Each structure stands twice: as structure tokens, then as C-alpha cells.
Amino acid sequence: MSSEVGQQHPLNLYFWIWGLLFVVSAGSYATDYMDAGYLRWALILIFMFVKAGYIVAVFMHLKYERLALIYALLLPPGVIGLLVALMAWESNYTWLTRIVFFGEVVEPERLPLPGAH
């Protein structure tokens, strides 16, 4: 007979996380009724990252892994997010430089919609 002992996580933990995911999802859906522009999009992104964090940490058992593996999984997307934020910040500088160079606000040319006559 083999008496292998494995680690069992209490079901109570999964029920708590399921409840938290339900509450965070309700908050995320509530932001759909907001008309606040950037605040709305910021809240949607925050709720999305919170839900993904709970799912990855508990249901995918990343919470119980070694710190090196956690860094290997989470650091590259964080760096990519930082680089995307830096590019978005720099695009405003590039647009303002273009306005100074041309001396007036230059709107990009609008392409016709497909199927429009």
C-alpha cells in the first residue's frame, strides 16, 4: 500500500475567492453605467487586474510557488506595460512637437469608411 500524502487546500478559501470575484465583477459591471471618461476606463482596468490576480494566485496556485517563478511570470508583462505607458506618454510629446513645427494644429486625414459611397 502506498500512503502518499498531498497538500489539500481548504474549500473555504475557494468559496471566499469566488465571493470576492463576484463582488469585483459586480463593481466592474457597475462602471458600465458611469459616464466619467478616463475614470471609467481606469476602474475597468483596475477591476480586470484584480480579478486576474485572484484567479492566477489562488485557482492557478501561483500563490504557493517559489518567488523566482512568480517573478519570471509576472515581471515581463509588467515591463511591457511600463513600456506601453512610456510610449503613450511620448506620443503626446511627439504630437505637440508636430504642432510647433507646422505652426498650427494639423488633423490627420480621415479615411473613408468601407462600403460608404
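Some notes on this structure:
- For Phe49, the stated conditions hold: it is more than 21 Å from Gln8 (Cα to Cα), exposed (fewer than 14 other Cβ atoms within 10 Å of the Cβ) and within 17 Å of the chain's Cα centre (by Cα).
- Selected residue [under 13 Å from the mean Cα position of the chain (by Cα) and of a type in the set (A, V, I, L, M)] from Leu62, Leu74, Leu86, Leu67: Leu74
So that you can scan it fast, the table gives a plain yes or no per residue for (1) within 17 Å of Tyr64 (Cβ to Cβ); (2) surrounded by fewer than 12 Cβ atoms within 10 Å (Cβ to Cβ):
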{"residue": "Leu20", "(1), (2)": "no, no"}
{"residue": "Ser28", "(1), (2)": "no, no"}
{"residue": "Gly37", "(1), (2)": "no, yes"}
{"residue": "Arg40", "(1), (2)": "no, no"}
{"residue": "Ile44", "(1), (2)": "no, no"}
{"residue": "Gly53", "(1), (2)": "yes, no"}
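- Taking residues in the range 64-93 that are closer than 17 Å to Tyr54 by Cα, and partners anywhere that are of a type in the set (A, V, I, L, M), not one pair has Cβ atoms closer than 6 Å while being at least 6 places apart or on different chains.
- Filter pass, Ser25 being at pLDDT 90 or above and of a type outside the set (A, V, I, L, M, F, W, C): yes
The values are calculated or read from the model by the stated rules, or taken from the named source; none is laboratory data. Remember, it's a predicted structure, so these values are computed and weren't measured experimentally. Note that each Cβ is placed from the backbone with ideal geometry, even for glycine, and that neighbours are counted across all protein chains shown.
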